[in-house]
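Data block below; observations after.
The values are calculated or read from the model by the stated rules, or taken from the named source; none is laboratory data. For clarity, every value in this text was computed on a predicted model and none was experimentally measured. As a convention, Cβ positions derive from the backbone with ideal geometry for all residues, glycine included, and neighbour counts pool all protein chains shown.
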Amino acid sequence: MRVFFNGETDGDKLIPIGKIRAASNWYGMRAASNDEAHKEKALDNLINAAEDIEADAIIGVEYAVDHVDAGDTPGSAPLKRIFASGVAVKFPRL
């Protein structure tokens, strides 16, 4: 699986399959000190999603943070997770 963060594919002609998105697990504030590990998990999940649809690559990978504030339930705490998104593509077969 090839992953392109900036969308540049060295002039390769690509067949877009569609936009895909995957998230890391929810985590609390104590785990937030290491967002890189959660970014890696989101990217791993994105790659798995691309492989499920038989994509050859993902282009334009971006990250976003989703969060929920503490709820009304006693003991609930603020949580967040990281989403990775990109466009799944196939390389033309010759």
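Considering only residues that are in contact with a strand residue (DSSP E or B) (Cβ under 7 Å, 6 or more places away or on another chain) and basic (Lys, Arg), look in the stretch 74-94 and name the one that is nearest to ALA42 (Cα to Cα).
Per the stated criteria, the residue is ARG81.
Does ASP44 count as of a type in the set (D, E, K, R) and either closer than 18 Å to ASN6 by Cβ or modelled with pLDDT of 90 or more (or both)? Write out each step before concluding.
On the way: of a type in the set (D, E, K, R): yes; either closer than 18 Å to ASN6 by Cβ or modelled with pLDDT of 90 or more (or both): yes.
Yes; evaluated as a whole, the condition is true for this residue.
Taking only the stretch 48-88 into account, find how many residues are free of Cβ contacts under 8 Å to residues at least 60 places away in the same chain and not in a loop (DSSP other than H, G, I, E, B).
Initial filter on the stretch 48-88 (free of Cβ contacts under 8 Å to residues at least 60 places away in the same chain): 48-82.
After this cut, where a residue has to be not in a loop (DSSP other than H, G, I, E, B) as well, the list is 48-52, 57-68, 79-82.
Going through the stretch 48-88 one residue at a time, the tally reaches 21.
Check off (1) surrounded by 14 or more Cβ atoms within 10 Å (Cβ to Cβ); (2) modelled with pLDDT under 90; (3) of a type in the set (A, V, I, L, M, F, W, C) for ILE15 and give me the number that stays unchecked.
That leaves (1) as the condition not met.
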